[in-house]
Amino acid sequence: MTHTHSSGPIGVFDSGYGGLTVLDSIRSLMPQYDYIYLGDNARAPYGTRSFDIVYEFTLQAVKKLFSCGCPLVILGCNTASAKALRTIQQQYLPYNAPDHRVLGVIRPTAEVVGTLSNTMHIGVLATEGTIRSRSYTLEIEKLFPGAVISGQACPMWVPLVENNEFDKPGADYFVQDSIHKLLAQDPLIDTVILGCTHYPLLIDKIRQYMPPGIEIVPQGHYIATSLQDYLHRHPDMERRLTKTATCQYYTSESPAKFRECASLFLKEEVNPQRVTLA
Ligand code: DGL
């Protein structure tokens, strides 16, 4: 057993850059803590990868953040939360790091969405991996029995964001197409979850093509308030979080590339370090 009751930063993991939208929301609400962001940019995207591979890669990243001193890690990635979180919580942590915690982004989003919908017909836009896992459907049905959930994979949306095409005319076709396919599944949908951390960058186009009256739910704010609530309920963990308001960035790809791409997601300059995940 390692790092028993150590104190340190909050770790935020994502397959690539998308988790920066989650980090941004968390830091805006709780700037006092120290943070380490880890992007597995060399192996992103995860959205089309199998369950086993997403689990293996995510566990490697979690172990890296633990070894950097983080007692608490947020999987700021829907795909990793959908495919790896339960197994890490139930099979890895109890035997290998019982004093550490790993939290995801699906449950906090599911908790809030049922309170926003009037029809209880809810749409989810996400990566293929997240939709196929049915994680949102299962979580929402558990919390709000009777809710009707429709999911639509948007395989082109992450590449549009990562290639800096999200505000260009080419993005319009794919945004409109995926929204149309989602709403065609169920005309009673009144609330749509953006179940992928990249999608807030497409928000202007999503608003443009979503019919009026449908509420769009980006996750960042809800994940941040849910984490704040978690820390209130777990003072032992809260005490172990260091509070000097710093943020470090690690990437499995080239730091120069990360610095350039991160500027699309964050207002501040970052100075990332390269790490190897294995
Ligand atoms: N960040 C991932 C998510 O939220 C999307 C990117 C990927 O496919 O790796 O699902």
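The values are calculated or read from the model by the stated rules, or taken from the named source; none is laboratory data. None of the values given here were measured: they were computed from a predicted structure. Note: ideal-geometry Cβ built from the backbone for every residue, glycine included; neighbour counts use all protein chains shown. Keep in mind that these areas ignore ligands, DNA and RNA; they rest on the heavy atoms of the full protein, side chains included. Shrake-Rupley method; radii C 1.70, N 1.55, O 1.52, S 1.80 Å.
Figures for the structure shown
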| read-out | value |
| --- | --- |
| Where Thr48 falls short, out of the listed (1) among the β-branched types (Val, Ile, Thr); (2) touching a His at 6+ places or on another chain (Cβ under 8 Å); (3) within 9 Å of the ligand (Cβ to nearest atom) | (2) |
| Candidates Asp14, Asp34 - the one that is among the acidic types (Asp, Glu), out of contact with any Phe, Trp or Tyr (no Cβ under 7 Å at 6 or more places or on another chain), under 24 Å from His221 (Cα atoms) and within 12 Å of the ligand (Cβ to nearest atom) | Asp14 |
| Lone unmet requirement of (1) touching a residue at least 24 places away in the same chain (Cβ under 8 Å); (2) within 16 Å of the ligand (Cβ to nearest atom); (3) surrounded by fewer than 24 Cβ atoms within 10 Å (Cβ to Cβ) for Thr87 | (2) |
| Matching residues, the range 161-194, being over 16 Å from Glu215 (Cα atoms), open to solvent by 20 Å² or more (accessible area, probe 1.4 Å), in a helix (DSSP H, G or I) and in contact (Cβ under 8 Å) with a residue 40 or more places away in the chain | Glu162, Gln185 |
| All positions within the range 195-233 that are over 24 Å from Pro159 (Cα atoms) and part of a helix (DSSP H, G or I) | Tyr222, Ala224, Thr225, Ser226, Leu227, Gln228, Asp229, Tyr230, Leu231, His232, Arg233 |
| Evaluation of Thr21 against (1) in contact with a His (Cβ under 8 Å, 6 or more places away or on another chain); (2) closer than 29 Å to Gly151 by Cα; (3) open to solvent by 10 Å² or more (accessible area, probe 1.4 Å); (4) modelled with pLDDT of 95 or more (one fails), failing number | (4) |
| Residue in the range 94-112 that is nearest to Ser150 (Cα to Cα), counting only those that are open to solvent by less than 40 Å² (accessible area, probe 1.4 Å), away from the ligand (no atom under 16 Å from the Cβ) and within 20 Å of the chain's Cα centre (by Cα) | Val112 |
| Residue selected from the range 234-274 under the condition in a strand (DSSP E or B) and of a type in the set (S, T, N, Q), by the criterion surrounded by the fewest Cβ atoms within 10 Å (Cβ to Cβ) | Gln273 |
| Residue satisfying all of: in the range 17-31; within 12 Å of the ligand (Cβ to nearest atom) and small (Gly, Ala, Ser); farthest from Arg86 (Cα to Cα) among these | Gly18 |
| Selection from the range 195-217 of residues that are within 12 Å of the ligand (Cβ to nearest atom), open to solvent by less than 30 Å² (accessible area, probe 1.4 Å), touching a strand residue (DSSP E or B) at 6+ places or on another chain (Cβ under 9 Å) and of a type outside the set (Gly, Ala, Ser) | Cys196, Thr197, Tyr199 |
